[in-house]
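The values are calculated or read from the model by the stated rules, or taken from the named source; none is laboratory data. Since the model is a prediction, treat every value here as computed from it, not as a measurement. Every residue, glycine as well, gets a Cβ built from its backbone with ideal geometry; the counts of neighbours run over all protein chains shown. Only protein heavy atoms, including side chains, enter the accessible area calculation; ligands, DNA and RNA are left aside. Shrake-Rupley method; radii C 1.70, N 1.55, O 1.52, S 1.80 Å.
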Amino acid sequence: MKNMPLEHSRYYLNTLIETSSDAIAIINVLGEVEYWNSQAEQTYGIPLSAIKTKKISAFFKKEDLKLLEILETKKPVFNVYHQPRPDKHVLISSSPIFDSEENLIGAISIDQDITNIVKLNEKLSLTTTELQKVKQQYNLQEQVGPFSEIKGHSGTIQAAKELALKVAKTDATVLIQGESGVGKELFAQGVHEASLRKDQPFIPINCGAIPEALFESEFFGYEKGSFTGAHKDGKAGKVEMADGGTLFLDEIGMLPLDMQVKLLRVLQEKEVSRIGGHASIKVNSRIVAATNSNLEDMIKQGLFREDLYYRLNVVTLKIPSLRERIEDIPILVNNFVQQYCAKYQKEIPTLLASAMEMFTNYQWPGNIRELRNVVERMIIIIDNSTIHAEDIMNIFPATNNNHIGKEGLAQEKAQLESARIKEILIETYGNKSAAAKKLGISRVSLYNKIKQYNIDV
């Protein structure tokens, strides 16, 4: 590399730039484009042939160009939220370029396109808010109950619902704890719908889905002209939008430490200031937070503030995992079967005992979310009017058999085969010829298996 020919260095640089999944632009001190990779073409819809050697200000508004700002300040920036165009949201890292004598010769910008993430987050918030408005409009929560979407009759889930209903009547801050996929947001919505704030907004923030650079603007909003690309009239933050209602902070353990400090101040002072604003806005919202993390361990590791933890942990609502409420699994399975049969316009199948046993024997590390996905996959793939255990073995998660080893797997397979033979014999009223035909085996093989598994006929 020390004696690398000059023309080779250009090839290396070109390959490096083209390999990046981010948009990369390099300009000289005159603001003319020297490099513009294919990802930049895709992100901004400007071909290299059109922009190469041209002034970049001819394609973007001057106030929207971070590169020109870097030429003036000569200081790098990293992971700064930027909106170079109304339809584009990016995280930008930009640095000035100096030659060997420290003379400024240009600037480089690396833009990570987060437009889809921002739009998805906005869509999620809008959908949740609209759903809440519909529920309020038709008083659905009064007709079916605030926790009606949480299915199951087990003691653990009933205890959780009873505590949630009791605390909902107060304005106490609630911390919902539970593994991923147990339905923490459903409980948060239930707490809101059972509260005196039920006719006011329910505003969710998924702290794990917002890019770090967007946290402050998403939480607190901003005044007009507060940063490049901001909406001309400014924007209210989620804390302000939840005034009078409930602010749901999902995955609170993912909140950066600097935002934890600012959130604590809002909780203590009951007021918020927009970015670029000078006036404080009073807010009166009920806080419900949720996490699948052990916040006490995070406190010991210096990842979560102890004062914020005690501020949030007024009432702890622990949601049981699916492993702790096995008796609810058949109820959930049947409920999801009906939902997805309606969605895909399919006849509701009959799940035999052996098939349901597959569901109740599995550990469900992904809880209800994973169960829902497996049922949906089952309804999409299997067209049988009657579903046996062996029908769904291939659609179950691969981890289903990881814990039992080869011998255990062989034993489980034998148990499934034995159960299937018993079912078919019952269906055919003990007619072995008919049973063998349905099983797709010879009568001799059927007799051997009856003997092997000691099946009473």
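Would you please list the contacts, defined by Cβ atoms under 6 Å and residues six or more apart or on different chains, that run from a residue in region 347-369 that is over 10 Å from H388 (Cα atoms) and at pLDDT 90 or above to a residue that is open to solvent by less than 30 Å² (accessible area, probe 1.4 Å) and of a type in the set (S, T, Y)?
Listed by first residue and then by second, the contacts come to N367/S321.
Return yes or no: is Y340 in a helix (DSSP H, G or I), within 20 Å of P204 (Cα to Cα) and open to solvent by 10 Å² or more (accessible area, probe 1.4 Å)?
On the way: in a helix (DSSP H, G or I): yes; within 20 Å of P204 (Cα to Cα): no; open to solvent by 10 Å² or more (accessible area, probe 1.4 Å): yes.
Criteria not met by Y340.
Which pairs have Cβ atoms under 7 Å, sit 6 or more apart or on different chains, and link a residue in region 240-257 that is buried (at least 24 other Cβ atoms within 10 Å of the Cβ) to one that is outside any loop (DSSP other than H, G, I, E, B) and aromatic (F, W, Y)?
Every condition considered, the pairs that remain are T246/F202; F248/F202.
Conditions (1) in contact with a Ser or Thr (Cβ under 6 Å, 6 or more places away or on another chain); (2) assigned to a loop (DSSP other than H, G, I, E, B); (3) small (G, A, S), marked per residue:
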| residue | (1), (2), (3) |
| --- | --- |
| E240 | no, no, no |
| G244 | no, yes, yes |
| L249 | no, no, no |
| G253 | yes, no, yes |
| Q260 | no, no, no |
| V266 | no, no, no |
| G277 | no, yes, yes |
| N284 | no, yes, no |
| A289 | no, no, yes |
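Restricting to region 169-194, give me the number of residues that are in contact with a Lys or Arg (Cβ under 9 Å, 6 or more places away or on another chain), crowded, with 21+ Cβ neighbours inside 10 Å and not in a helix (DSSP H, G or I).
4
In the set N37, N79, which member is touching a helix residue (DSSP H, G or I) at 6+ places or on another chain (Cβ under 9 Å) and modelled with pLDDT of 80 or more?
N37
So for region 123-130 (the condition being at pLDDT 90 or above, open to solvent by less than 50 Å² (accessible area, probe 1.4 Å) and within 25 Å of P320 (Cα to Cα)), does at least one residue qualify?
no
Take the residues of region 21-56 that are under 22 Å from N103 (Cβ atoms) and part of a loop (DSSP other than H, G, I, E, B): which is most open to solvent (accessible area, probe 1.4 Å)?
Per the criteria, the residue is L30.
Going through D307, D328, D297 one at a time, which residue ends up being open to solvent by 50 Å² or more (accessible area, probe 1.4 Å) and over 25 Å from T170 (Cβ atoms)?
D297
Does I17 satisfy the criteria of being modelled with pLDDT of 90 or more, open to solvent by less than 40 Å² (accessible area, probe 1.4 Å) and either under 22 Å from I105 (Cα atoms) or in contact with a Cys (Cβ under 9 Å, 6 or more places away or on another chain) (or both)?
For I17, the condition - modelled with pLDDT of 90 or more, open to solvent by less than 40 Å² (accessible area, probe 1.4 Å) and either under 22 Å from I105 (Cα atoms) or in contact with a Cys (Cβ under 9 Å, 6 or more places away or on another chain) (or both) - is not met.
Looking at (1) surrounded by 14 or more Cβ atoms within 10 Å (Cβ to Cβ); (2) farther than 27 Å from H192 by Cα, which is the only condition T386 fails?
Tallying (1) surrounded by 14 or more Cβ atoms within 10 Å (Cβ to Cβ); (2) farther than 27 Å from H192 by Cα, T386 fails exactly one: (1).
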